[in-house]
Amino acid sequence: MIMTVLEIPVPELTKRSRDVVKFVDVSLSAWYTKYLYLAFARKILPINGQDGPRFYPDQALLRGGAAAYIYQA
């Protein structure tokens, strides 16, 4: 949603873009993967309390986490 609201173009994944970070908990086939890689490349992620190669896609997004993503964007 951040990329859409801020009108940040999201390119398709390439081998080079996948070298930014090696996620251990996100599948390359997930629909949102290209958004995560762009967020890491633009330093929106990781936020305080997150480990670099982990995104925790099954955890609920809390207000503080959402605020941190927006602030860093």
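In segment 18-47, what residues are small (Gly, Ala, Ser) and open to solvent by less than 30 Å² (accessible area, probe 1.4 Å)? Steps first, answer last, please.
The initial filter retains those residues of segment 18-47 that are small (Gly, Ala, Ser), namely 27, 29-30, 39, 41.
Those that are small (Gly, Ala, Ser) and open to solvent by less than 30 Å² (accessible area, probe 1.4 Å): 30, 39.
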Task: Flag if residue 10 is among the β-branched types (Val, Ile, Thr), open to solvent by 70 Å² or more (accessible area, probe 1.4 Å) and part of a loop (DSSP other than H, G, I, E, B) - done: no
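Mind listing whichever residues of segment 48-72 are surrounded by 15 or more Cβ atoms within 10 Å (Cβ to Cβ) and over 11 Å from the mean Cα position of the chain (by Cα)? Talk me through it step by step, then tell me what you get.
Step one: of segment 48-72, the residues surrounded by 15 or more Cβ atoms within 10 Å (Cβ to Cβ) are 55, 65, 68-69, 72.
Within segment 48-72, 65, 68, 72 meet the criteria.
The values are calculated or read from the model by the stated rules, or taken from the named source; none is laboratory data. Fair warning: this is a prediction, and the values are worked out from it, not measured in the lab. Every residue, glycine as well, gets a Cβ built from its backbone with ideal geometry; the counts of neighbours run over all protein chains shown. SASA here: full protein model, heavy atoms, side chains in, ligands and nucleic acids out. Shrake-Rupley method; radii C 1.70, N 1.55, O 1.52, S 1.80 Å.
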